[in-house]
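Right, one structure below, let's go through it.
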Amino acid sequence: MSFLKVEGLTKRFGGLVAVNGVSFDVNQGEILSVIGPNGAGKSTLFKLIGSFMTPSAGRVLLDGAVISGLSPHKVARTGVVRTFQETTVFKEMTALQNVVVAHQLGHSAGPLGAFFASPAARADDRRSQENAEEILGYLGLGHVRDELARNLPHGYLRTLGIAIAMAASPRILLLDEPFAGMNPEETNRAVDMVEGIRRRGITVLLVEHDMRAVMRISDRIVVISFGSKIAEGTPAEIRDNPTVIEAYLGQ
Ligand code: ADP
Ligand code: MG
């Protein structure tokens, strides 16, 4: 049985078919990248997988159980977690506080748990604090943990978004263009970071424009163009695939 199975996913916006019958499997523990020209349907595909949108047709299965149609919250509880946009980072909190809150929201009985000073809540707080420190450490944010989020440079802020997602203890992490707007040095650091996430046994599904980073980091690549899957394979297979080259040249 495959870990995550995408089966015939389709999304129509009026007359536009943004995602057109896309199927692929994701193996546990791999880094799988989805690439394709601008407007190919990559972000829509991710929203369908994370259940932030309802598919027009098709379904998504995790460990053989259908997860499409569940609320985004429920899907996150199954372990499929999408990175948060910078706007969901609390700018007036420190990096550490952001990750602590994310952990509390993801693991306590409810968000209000954090406000009740019961022994159990205090133990939860301690666990959230330790968990957040560990995440910031391995994502290379340990030295800025007490900085207010609003003072962090762009690359760090994006990494903080990933740290917040990691606080939900994902089994599979969906990253939509995590390296966008990063300089080469930040990109290198972020590539190491994604590999570090995978080393922790977390499956990574990546949409990314930076082809050099994609080729370096991916175990397998799925290529979509005009909503349809046009190729799937290892980085070496994709690099030499004439259909893929044509799709990019035609853009
Ligand atoms: P990519 O991420 O590959 O650049 P998107 O998934 O964002 O592509 O978009 C695919 C196509 O679907 C584009 O033509 C885009 O304009 C369209 N699209 C995306 N979201 C919506 C929406 N909410 N309503 C209508 N059209 C949309
Ligand atoms: Mg996109």
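Within the set Leu16, Leu32, the sole residue that is at pLDDT 95 or above, exposed (fewer than 15 other Cβ atoms within 10 Å of the Cβ), hydrophobic (A, V, I, L, M, F, W, C) and out of contact with any Cys (no Cβ under 8 Å at 6 or more places or on another chain) turns out to be Leu16.
In the set Phe46, Phe13, only one residue is of a type in the set (A, V, I, L, M, F, W, C) and over 19 Å from Glu177 (Cα atoms); that residue is Phe13. Looking across Gly8, Gly21, Gly41, one residue alone is surrounded by fewer than 22 Cβ atoms within 10 Å (Cβ to Cβ), within 16 Å of ligand 1 (Cβ to nearest atom) and at pLDDT 95 or above. It is Gly21.
Against the conditions (1) within 16 Å of ligand 2 (Cβ to nearest atom); (2) among the aliphatic types (A, V, I, L, M); (3) touching a strand residue (DSSP E or B) at 6+ places or on another chain (Cβ under 6 Å), Met211 satisfies every one except (3). Taking residues in segment 28-46 that are part of a loop (DSSP other than H, G, I, E, B), and partners anywhere that are more than 6 Å from ligand 1 (Cβ to nearest atom) and among the polar types (S, T, N, Q), the pairs with Cβ atoms closer than 7 Å and at least 6 places apart or on different chains are Gln28/Thr203; Gly29/Thr203; Glu30/Thr203; Gly36/Ser225; Pro37/Ser225; Pro37/Gln251; Asn38/Gln251; Ala40/Ser225. If the condition is being assigned to a strand (DSSP E or B), surrounded by fewer than 18 Cβ atoms within 10 Å (Cβ to Cβ) and in contact (Cβ under 8 Å) with a residue 40 or more places away in the chain, then segment 47-65 contributes Ala57, Arg59, Leu61.
With respect to the conditions (1) over 11 Å from Leu174 (Cα atoms); (2) within 13 Å of ligand 2 (Cβ to nearest atom), Asn27 lacks only one, and its number is (2).
For the condition within 16 Å of ligand 2 (Cβ to nearest atom), modelled with pLDDT under 95 and either assigned to a helix (DSSP H, G or I) or surrounded by 14 or more Cβ atoms within 10 Å (Cβ to Cβ) (or both), Phe90 does not qualify. Checking each residue in segment 36-52 for being in contact with a helix residue (DSSP H, G or I) (Cβ under 7 Å, 6 or more places away or on another chain) and within 11 Å of ligand 2 (Cβ to nearest atom) picks out Gly36, Pro37.
The one condition from (1) of a type outside the set (Asp, Glu); (2) on the phi < 0 side of the Ramachandran plot; (3) more than 15 Å from ligand 1 (Cβ to nearest atom) that Thr54 does not meet is (3).
Search segment 197-251 for residues being basic (Lys, Arg) and not in a strand (DSSP E or B), and hand back the single one that is nearest to Leu136 (Cα to Cα). It comes out as Arg200.
The values are calculated or read from the model by the stated rules, or taken from the named source; none is laboratory data. In this text the structure is predicted, and so the values were computed from the model without any measurement. Note that each Cβ is placed from the backbone with ideal geometry, even for glycine, and that neighbours are counted across all protein chains shown.
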